[in-house]
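Trainee: Just dropping this structure here.
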Amino acid sequence: MKNNLDEAKWLIANLPIRLFGDPILNKRCSVVTKKEIQNGQAKKWADELVSFLKQYRQKTGAGRGLAANQIGIPKRMVLVWLDDGPNIYINPKVISSEGKGLYPESCISAASLIMGDVVRPWRASFGYTSLDGQKKSLKADQMHTRLLLHEIDHLNGKICTDKYISGTTRLVGGANEVLRPKIKKIK
C-alpha cells in the first residue's frame, strides 16, 4: 500500500469493520456462553475474526489484535496475532498486573489513521476460556499485555482515544509505526 489513507479506503470498502462512532463500539459485550462454545457458534465467530485479520494483515502489513464487536459481534471474544499466529481468547479478564508502561496505540476501528500514547500496566496475567471450553490463564509479556488490554477495552465499550494522553494524538505515518511502537516502562 502507498500510504495509510489508501489502506483506510481499502479497509472501509472491503472488510466489515465497525469504525469509531459506531454504537456497538461503545457498549459492553455480552459473555460467550458455554452453550455457544459447545454448539460451535464461538468457533464460527473465531473463524470470522481470523479471516478478517488475515485479510487485513495481507493487505496492510499491520494488525495484531481484534475484538469481536469491531466486526459486529457483540460478544466477549478477542483475537491476538503475534509471531506464533492467531490466538483466540473467550471472556478474557485481568487477574493481576504490575508496573506501568507508556504505549503508542492505534486501532483498526480508526482505520489506523491516528495514534496516541496510553498508560497501561507493563505486564499482566489473564484468565480466559479457550475454543474447546477449557479455562486457561496466561502471564503475558509487555506487548501481549498491551494488546490484550486494548482489546478488552473494546469489549467493555471503550476505545483507545478515550485513554490517549492529552497532546499525544497524531496521524500515523505507516504500518512500521503501528507494528514497531516505541514502548517505555515508566514504573
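The numbers here are math on the coordinates, done by the rules we state, and not lab data. Not measured: the values here are computed from a predicted model. Don't worry about glycine lacking a Cβ; one is built from the backbone with ideal geometry, like all the others, and counts go over all protein chains shown.
Trainee: Pick out the one residue from 24, 37, 17 that is surrounded by 14 or more Cβ atoms within 10 Å (Cβ to Cβ) and either in a loop (DSSP other than H, G, I, E, B) or not β-branched (Val, Ile, Thr) (or both).
Mentor: Going through 24, 37, 17 in turn, the sole match is 17.
Trainee: Additional query: Taking interchain pairs and intrachain pairs at least six residues apart, which have beta carbon atoms under 6 angstrom, with the first residue in region 24-52 and closer than 22 Å to residue 81 by Cβ and the second among the charged types (D, E, K, R) and outside any loop (DSSP other than H, G, I, E, B)?
Mentor: Once the first residue is closer than 22 Å to residue 81 by Cβ and sits in region 24-52, its partners that are among the charged types (D, E, K, R) and outside any loop (DSSP other than H, G, I, E, B) give 29/75; 32/75; 42/36.
Trainee: Conditions first: (1) part of a loop (DSSP other than H, G, I, E, B); (2) farther than 23 Å from residue 42 by Cα; (3) in contact (Cβ under 8 Å) with a residue 12 or more places away in the chain. Residue 167 passes all but one, so which condition is the exception?
Mentor: (3)
Trainee: Next up: If the requirement is being surrounded by fewer than 22 Cβ atoms within 10 Å (Cβ to Cβ), among the small types (Gly, Ala, Ser), over 13 Å from the mean Cα position of the chain (by Cα) and closer than 23 Å to residue 9 by Cβ, which of these qualifies: 99, 116?
Mentor: Selected residue: 116, the only one of 99, 116 that is surrounded by fewer than 22 Cβ atoms within 10 Å (Cβ to Cβ), among the small types (Gly, Ala, Ser), over 13 Å from the mean Cα position of the chain (by Cα) and closer than 23 Å to residue 9 by Cβ.
Trainee: Turning to a different aspect of this structure: Can you pull out the residues in region 40-65 that are more than 15 Å from the chain's Cα centre (by Cα), outside any helix (DSSP H, G or I) and closer than 20 Å to residue 90 by Cβ?
Mentor: If the condition is that a residue be more than 15 Å from the chain's Cα centre (by Cα), outside any helix (DSSP H, G or I) and closer than 20 Å to residue 90 by Cβ, then 40 is the only one that fits.
Trainee: Restricting to region 110-131, count the residues that are free of Cβ contacts under 8 Å to residues at least 60 places away in the same chain and assigned to a strand (DSSP E or B).
Mentor: 11
Trainee: Return yes or no: is residue 146 in contact (Cβ under 8 Å) with a residue 40 or more places away in the chain and more than 16 Å from the chain's Cα centre (by Cα)?
Mentor: No.
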